[in-house]
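Colleague: Once you've had a glance at the structure underneath, I'll fire off some questions.
The values are calculated or read from the model by the stated rules, or taken from the named source; none is laboratory data. Keep in mind that this is a model prediction, so the values were computed, not measured. Glycine also receives a Cβ, built like all others from the backbone with ideal geometry; neighbour counts cover every protein chain displayed.
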Ligand code: PLP
């Protein structure tokens, strides 16, 4: 066995060493070619080795790579914030830059709590969330995540935030179908708010399309409209965790736009730097920021590398690349085509239960029995085996599912770079 000096997520596996990437492909040191149909972890949204991004990195590095956020701002950070404000719907005008999706959701959580505090309401501190969700690995983000296997070891350190059922139509807890179900899963939000008391709740957080915990679970059409209405009725902020879905993954800058919903705060990450630099953001609306700007005047959070010009220049170049090449426009079309091709596999493989998703964020759920939807026992590690087999064949796909028996089935995400061609 080859020796490695890195701490690995899986100690029994030695990973291939990647030499370079080009477009939708990665090439390892032995010359093996991989089709990156997962964009790594739904991150390399414009593919690998894009010359414009490398140039933008170099240009910024020649000027300045780092300035500290409480001493200076930079042209790159200002331009990026302005561009995000321009590209997002409504009045999502205030960007707080961080370095990972977990930091973005935690910052969003803090902004929500601070918003109420600055309005004189000290009790609105709980964040409602959903089961079958993932908002990040740090303690605040994990507290909001309905992902049992990632929480299990750290339960004593987690805040006990309440959670409701997700819009998981394939395994509807009510055994109903949308829209005749009357969106009972969305109504659970209202029931939870009434039980806990709106004066205790700062915000509700949800992924527009559930990623890692579920495998591209897309909600029925009016689900988020209902959610937003309930939030407004009870004076609760709506945080959209668009870390996976944002920056065009579903064909629009934010996935929420697909349902005509404007969140109060948005968490962005992954595709924001497209893998070229670590960058993420919590983007807040004028409404959220108003009492903060009138009160203490700054968001009580931040990291040393927040808003560093180097990452901001990369993210700006990524947005400009998306814009110049009109990439989002084709995403829906490509997603429909890919889904159609995946559907053709169903008759051949009787363990495909569900094929779902939105844009180029697609998922397949594997089941022991497609009629009863009986999941495979976890101990069989079906997802892992499928992923390893695909990797052997030179195809990269991404694991999903909460990892606990009885919560959901085995699933994978298929999320190639948005630049992929139909032929690829
Ligand atoms: N939110 C969502 C929806 C995610 O999918 C992820 C990561 O998979 C995160 C937050 C956390 O992002 P990061 O891994 O960059 O901390």
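Colleague: Run down 299, 262, 243 and say which single residue is surrounded by fewer than 20 Cβ atoms within 10 Å (Cβ to Cβ) and closer than 30 Å to residue 326 by Cα. Step through it out loud before you land on a result.
Modeller: Details: 299 fails: closer than 30 Å to residue 326 by Cα; 243 fails: surrounded by fewer than 20 Cβ atoms within 10 Å (Cβ to Cβ).
Result: 262 is the single residue among 299, 262, 243 that is surrounded by fewer than 20 Cβ atoms within 10 Å (Cβ to Cβ) and closer than 30 Å to residue 326 by Cα.
Colleague: Considering only the stretch 226-266, state which residues are under 17 Å from residue 39 (Cβ atoms) and within 13 Å of the ligand (Cβ to nearest atom).
Modeller: 242, 243, 244, 245, 246, 247, 249, 250, 255
Colleague: Can you tell which of 92, 80 is over 21 Å from residue 295 (Cβ atoms) and either more than 16 Å from the chain's Cα centre (by Cα) or within 16 Å of the ligand (Cβ to nearest atom) (or both)?
Modeller: Just one listed residue meets the conditions, 80.
Colleague: If you don't mind, another one. Of everything in the stretch 365-401 that's more than 27 Å from residue 14 (Cβ to Cβ) and touching a residue at least 12 places away in the same chain (Cβ under 8 Å), which residue is surrounded by the fewest Cβ atoms within 10 Å (Cβ to Cβ)? If you could, list the steps in order and put the result at the bottom.
Modeller: Applying the first criterion (more than 27 Å from residue 14 (Cβ to Cβ)) to the stretch 365-401 yields 365, 367-375, 377.
Imposing the further condition that a residue be touching a residue at least 12 places away in the same chain (Cβ under 8 Å) reduces the set to 365, 367-368, 370, 373, 375, 377.
On the way: 365: 28, 367: 21, 368: 17, 370: 16, 373: 14, 375: 23, 377: 11.
Step by step, filter the stretch 365-401, then rank; the result is 377.
Colleague: For the stretch 133-242, list the helices (runs of 4 or more DSSP H) that sit wholly inside it and hold at least 3 residues that are in contact with a strand residue (DSSP E or B) (Cβ under 8 Å, 6 or more places away or on another chain); which are they? Show your work before the answer.
Modeller: On the way: elements: 139-143, 148-151, 184-196, 223-233.
So the answer is 184-196, 223-233.
Colleague: Quick one: is residue 137 more than 23 Å from residue 197 (Cα to Cα) and away from the ligand (no atom under 16 Å from the Cβ)? So that I can check it myself, show each step before the final result.
Modeller: On the way: more than 23 Å from residue 197 (Cα to Cα): yes; away from the ligand (no atom under 16 Å from the Cβ): no.
When the stated conditions are applied, residue 137 does not pass them.
Colleague: Within the stretch 267-278, identify whether any single residue is under 23 Å from residue 96 (Cα atoms), more than 11 Å from the ligand (Cβ to nearest atom), in the same structural domain as residue 298 (by TED's automatic domain parsing) and in contact with a strand residue (DSSP E or B) (Cβ under 7 Å, 6 or more places away or on another chain), and answer yes or no.
Modeller: For the stretch 267-278, residues under 23 Å from residue 96 (Cα atoms), more than 11 Å from the ligand (Cβ to nearest atom), in the same structural domain as residue 298 (by TED's automatic domain parsing) and in contact with a strand residue (DSSP E or B) (Cβ under 7 Å, 6 or more places away or on another chain): absent.
Colleague: Sticking with this structure for a sec: Please specify each residue of the stretch 41-63 satisfying the condition of being at positive phi and touching a helix residue (DSSP H, G or I) at 6+ places or on another chain (Cβ under 9 Å). Walk me through how you get there before you give the answer.
Modeller: To start, the set of residues in the stretch 41-63 that are at positive phi comprises 42, 47, 49.
Within the stretch 41-63, 42, 47 meet the criteria.
Colleague: What are the pairs, 6+ residues apart or on separate chains, where a residue within the stretch 334-350 that is within 24 Å of residue 249 (Cα to Cα) has its Cβ under 6 Å from a residue that is exposed (fewer than 11 other Cβ atoms within 10 Å of the Cβ)?
Modeller: As it stands, the answer is 337/422, since those pairs meet every condition given.
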